[in-house]
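Novice: Sending over a structure as structure tokens; questions will come in a sec.
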Amino acid sequence: MRGDLVRKLTVRCLSAGLAVLSFLVLALTSAELPGLALAAAGAVAVWLERRVNPRADLVAEPVLLIAGILVGYAHRVPEAGWNSVALALTGVALLGLTLTERPLRDAAELEVRSANLGVRSSPLLVADRLGPAVLVLLVVLAGMAALTLPVWPALVLTVLVGAAATVGAVGPIALRRLRPSGGQSAVTHALRRHQPEFLLYFSAPPGSEYQVMMWLPYLERIGRPFMVLLREPNFLPAISAATSAPVVVCPTPRSIDEAIVPSLRVAFYVNHGAKNSHCIRFAHLTHIQLHHGDSDKAPSANPVSAIFDRIFVAGQAAIDRYARNGVTIPREKFAIVGRPQVESIAVRREPIRDRADKVVLYTPTWTGHNADVDHCSLPVGETLVRGLLDRGVTVILRAHPYTSQNPASARQLARIEQLLAEHRTSTGRQHVFGADAAKKMTLVDCVNASDALVSDVSAVISDYLYSGKPYAVTDRVGEGDRFVEGFPLAGSGYVLDSQMSNLDDVLDRLLGSDPLAEVRWQTRTRYLGDFPEQRYADGFLEEARRQVDGARAARPVPSPRPAPVS
């Protein structure tokens, strides 16, 4: 995070500084050649800033560069007549393109775009390239001024760029604004040809793509054509690369109308995002909540779940969790389908005490959006990890993807990673952390490589439960004996108190005697369903096919309700 901020500040100072300096040199001195060189360098700096910070609002710098280069050109080529007229027209055209670029890009970002569908959004493509094209024109103009060449070739190039922007972006956007809602776009026609029977709807903050990634392989195994509907464009590259199914970005509620084609019957969701309502308004679809994990956290018993037609849960414990939290949902809305993502987790039944070199997976969660759901153990994580290292174990540290959103958590995580790096250097023990644990290994890889787990209250515990291996849970709430009442899954694990005062006792049981081994197997069925290990994912696949086929046979296709105001 800090490195990213330093890069942004560096290119900000570089582009603004060069733009101002080149203008002052060209406007106030007779050093035209150095001034033009500075202007060309300023154009390159602005391009670099666009690469580092695509959302930067860069208007003042190009305007200063245009003004400076025009002054330098007038000094270098002072002849009057057509050349002066061409120079003025070139300046006006460049200024117009510069001032148009940002509004055009904002308008283009409201357009529907797609991947894996054979359709490209020309407005966005053109809008993204207009800014760099203007910078190239500035470099060309500066070079022509330095060589005292006539200005009309630069004018021709500028007019051509403007014409391309008009034809490729301004025209299509204007036509779409004139079309009535639900107009048949190229994306709509392509989706009609694809004939998707269900969609996966997704809206979330940056860094949340893991919520979709965990479900894509299983949606593909359903064996029916489907599509992914995104609301935020930043997810498009990663998610479209992870599937061959069409991925469509609908930035506005109205644009969703273009993606909901008649063949669709079911919509799956992986979270309780506020924008889910923009799709739930299509009453002819069966709306199914999948969740992106199963834990005893409050969000896993969100009352908003009641708006869905069906709720897929891993086991009976999830249904009981809603009731325990006072959320009344009819039993017929629930379907126990297991947690298909655990099918690749190796099940181990031999006692942990029999293993010589033990590996412990530590998975601290994030702080959450408010204090009520803050179960993050990173404030005491260094004490915990030192206790593990004193036991001679190898540590795999895999933090929650949202950890970096909290600066304090990021610093705490960095200190623990430094501790592990130093210990690895001094002892040769191959601890795994950072990108090695988060990017090179999946969560399943981490689970299979470990012999025991230490986790906060999170969905990782229920996934780990499938392996049958022991786990410990941190009580960061500080509820003591009442902790297991609120978080029943902790009853099959060893509870670490909020200050780690019982760390030695917990590690003795976790890594040695493991008295809760039999209790875990009973809890496993209640949380993860009773499905055969060899065909565990079939519980989800069969129920999903049943829903898709049943919805296709039962429901007509009415017109969509009016789009809500965003």
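Novice: Among the listed residues Arg545, Arg520, Arg526, which satisfies the condition of being open to solvent by 70 Å² or more (accessible area, probe 1.4 Å), modelled with pLDDT under 95, of a type in the set (Lys, Arg) and out of contact with any Cys (no Cβ under 8 Å at 6 or more places or on another chain)?
Specialist: Arg526 is the lone residue from the list that is open to solvent by 70 Å² or more (accessible area, probe 1.4 Å), modelled with pLDDT under 95, of a type in the set (Lys, Arg) and out of contact with any Cys (no Cβ under 8 Å at 6 or more places or on another chain).
Novice: Quick check on Val266: is it touching a Ser or Thr at 6+ places or on another chain (Cβ under 6 Å) and within 14 Å of Val187 (Cα to Cα)?
Specialist: Criteria not met by Val266.
Novice: Given the criteria more than 27 Å from the chain's Cα centre (by Cα) and at pLDDT 90 or above, does Gly480 qualify?
Specialist: no
Novice: Same structure, new question: In the set Ala306, Ala323, which member is without any contact (Cβ under 8 Å) to a residue 60 or more places away in the chain, open to solvent by 10 Å² or more (accessible area, probe 1.4 Å) and under 26 Å from Arg520 (Cα atoms)?
Specialist: On the way: Ala306 fails: under 26 Å from Arg520 (Cα atoms).
Every option except Ala323 fails the conditions.
Novice: Scan the stretch 220-238 for residues that are aliphatic (A, V, I, L, M) and either touching a residue at least 60 places away in the same chain (Cβ under 8 Å) or assigned to a strand (DSSP E or B) (or both) and jot them down.
Specialist: Selection gives Ile222, Met227, Val228, Leu229, Leu230, Leu236.
Novice: When you scan the stretch 448-458, do you find a residue that is open to solvent by 10 Å² or more (accessible area, probe 1.4 Å) and over 22 Å from Arg353 (Cα atoms), even just one?
Specialist: There is at least one residue in the stretch 448-458 that is open to solvent by 10 Å² or more (accessible area, probe 1.4 Å) and over 22 Å from Arg353 (Cα atoms).
Novice: Next up: Take the residues of the stretch 493-511 that are small (Gly, Ala, Ser) and open to solvent by 20 Å² or more (accessible area, probe 1.4 Å): which is modelled with the lowest pLDDT?
Specialist: Residue satisfying both the conditions and the ranking: Ser498.
Novice: Could you list all residues from the stretch 400-419 that are touching a Phe, Trp or Tyr at 6+ places or on another chain (Cβ under 9 Å) and closer than 23 Å to Asn502 by Cβ?
Specialist: Correct list: Ile416 only.
Novice: Right, another one. How about the stretch 475-530: which helices (runs of 4 or more DSSP H) wholly inside it have at least 3 residues that are out of contact with any Pro (no Cβ under 7 Å at 6 or more places or on another chain) and under 30 Å from Pro340 (Cβ atoms)?
Specialist: Because the criterion is at least 3 residues that are out of contact with any Pro (no Cβ under 7 Å at 6 or more places or on another chain) and under 30 Å from Pro340 (Cβ atoms), the helices (runs of 4 or more DSSP H) in the stretch 475-530 that meet it are 483-486, 517-528.
Novice: Now, a different point. What is the number of the single condition among (1) under 30 Å from Ala241 (Cα atoms); (2) at pLDDT 90 or above; (3) open to solvent by less than 20 Å² (accessible area, probe 1.4 Å) that Gly131 does not meet?
Specialist: Just one mismatch for Gly131, condition (2).
Novice: Considering (1) at pLDDT 90 or above; (2) within 30 Å of Tyr73 (Cα to Cα), say which one Gly162 fails and leave the rest.
Specialist: Every listed condition holds for Gly162 apart from (1).
Novice: For the stretch 380-391: of the residues being open to solvent by 30 Å² or more (accessible area, probe 1.4 Å) and touching a residue at least 24 places away in the same chain (Cβ under 8 Å), which is farthest from the chain's Cα centre (by Cα)?
Specialist: Arg391
Novice: If you go through the stretch 342-352, how many residues are under 13 Å from Gly529 (Cα atoms) and open to solvent by less than 40 Å² (accessible area, probe 1.4 Å)?
Specialist: Adding up the residues that qualify gives 1.
Novice: Residue by residue through the stretch 246-272, note down the ones that are touching a residue at least 40 places away in the same chain (Cβ under 8 Å), within 22 Å of Met213 (Cβ to Cβ) and open to solvent by 10 Å² or more (accessible area, probe 1.4 Å).
Specialist: Of everything in the stretch 246-272, those that are touching a residue at least 40 places away in the same chain (Cβ under 8 Å), within 22 Å of Met213 (Cβ to Cβ) and open to solvent by 10 Å² or more (accessible area, probe 1.4 Å) turn out to be Pro251, Asn271.
Novice: Right, something else. Quickly run through the stretch 395-442 and pick out the residues that are buried (at least 17 other Cβ atoms within 10 Å of the Cβ) and in contact (Cβ under 8 Å) with a residue 60 or more places away in the chain.
Specialist: Residue satisfying the conditions is Tyr402 alone.
Novice: To continue, here is another question. Restricting attention to the stretch 368-379, does a residue exist that is at positive phi, surrounded by fewer than 23 Cβ atoms within 10 Å (Cβ to Cβ) and under 23 Å from the mean Cα position of the chain (by Cα)?
Specialist: The answer is yes, given that some residue of the stretch 368-379 is at positive phi, surrounded by fewer than 23 Cβ atoms within 10 Å (Cβ to Cβ) and under 23 Å from the mean Cα position of the chain (by Cα).
Novice: Could you go through the stretch 170-186 and let me know if any residue there is surrounded by fewer than 21 Cβ atoms within 10 Å (Cβ to Cβ), modelled with pLDDT of 80 or more, of a type outside the set (D, E, K, R) and not in a helix (DSSP H, G or I).
Specialist: Within the stretch 170-186 (the criterion being surrounded by fewer than 21 Cβ atoms within 10 Å (Cβ to Cβ), modelled with pLDDT of 80 or more, of a type outside the set (D, E, K, R) and not in a helix (DSSP H, G or I)), the answer is no, since none of the residues qualifies.
Novice: Another question, then. Report yes if Leu38 is farther than 23 Å from Asp106 by Cα, out of contact with any Lys or Arg (no Cβ under 7 Å at 6 or more places or on another chain) and touching a residue at least 12 places away in the same chain (Cβ under 8 Å), otherwise no.
Specialist: Criteria met by Leu38.
Novice: Still on this structure, I have one more. Identify, please: which residue in the stretch 297-324 is in contact with a helix residue (DSSP H, G or I) (Cβ under 8 Å, 6 or more places away or on another chain) and in a loop (DSSP other than H, G, I, E, B) and is, among those, modelled with the lowest pLDDT?
Specialist: Among residues in the stretch 297-324 that are in contact with a helix residue (DSSP H, G or I) (Cβ under 8 Å, 6 or more places away or on another chain) and in a loop (DSSP other than H, G, I, E, B), the one modelled with the lowest pLDDT is Lys297.
Novice: The conditions are (1) in contact with a Ser or Thr (Cβ under 8 Å, 6 or more places away or on another chain); (2) modelled with pLDDT of 95 or more; (3) of a type in the set (Gly, Ala, Ser), and Ala399 fails exactly one of them. Which is it?
Specialist: Unmet condition: (2).
Novice: While we're looking at this one, here's another question. Only residues that are in contact with a strand residue (DSSP E or B) (Cβ under 7 Å, 6 or more places away or on another chain) and β-branched (Val, Ile, Thr): list them for the stretch 375-429, please.
Specialist: Val385, Val393, Thr394, Val395, Ile396, Ile416
Novice: Restricting the search to the stretch 86-113, which residues are in contact (Cβ under 8 Å) with a residue 60 or more places away in the chain, under 21 Å from the mean Cα position of the chain (by Cα) and open to solvent by 20 Å² or more (accessible area, probe 1.4 Å)?
Specialist: Correct list: Glu109, Leu110, Arg113.
Novice: Next question. Answer with yes or no whether Ala472 is surrounded by 16 or more Cβ atoms within 10 Å (Cβ to Cβ), in contact with a strand residue (DSSP E or B) (Cβ under 6 Å, 6 or more places away or on another chain), modelled with pLDDT under 90 and at negative phi.
Specialist: no
Novice: Would you pick out the residues in the stretch 14-62 that are of a type in the set (A, V, I, L, M) and at pLDDT below 85?
Specialist: Once the filter is applied, which keeps residues that are of a type in the set (A, V, I, L, M) and at pLDDT below 85, the stretch 14-62 yields Val52, Ala56, Leu58.
Condition check ((1) buried (at least 16 other Cβ atoms within 10 Å of the Cβ); (2) under 30 Å from His375 (Cβ atoms); (3) modelled with pLDDT of 95 or more; (4) not aliphatic (A, V, I, L, M)) across all residues:
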{"residue": "Trp215", "(1), (2), (3), (4)": "yes, yes, yes, yes"}
{"residue": "Ile239", "(1), (2), (3), (4)": "yes, yes, yes, no"}
{"residue": "Ala274", "(1), (2), (3), (4)": "no, yes, no, no"}
{"residue": "Ile288", "(1), (2), (3), (4)": "yes, yes, yes, no"}
{"residue": "His292", "(1), (2), (3), (4)": "yes, yes, no, yes"}
{"residue": "Ser295", "(1), (2), (3), (4)": "yes, yes, no, yes"}
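The values are calculated or read from the model by the stated rules, or taken from the named source; none is laboratory data. What you are looking at is a predicted structure, and each value in this text was computed from that prediction instead of being measured. Glycine gets a Cβ as well: all are built from the backbone with ideal geometry, and neighbour counts include every protein chain shown. The accessibility values were calculated without ligands, DNA or RNA, using every heavy atom of the protein model including side chains. Shrake-Rupley method; radii C 1.70, N 1.55, O 1.52, S 1.80 Å.
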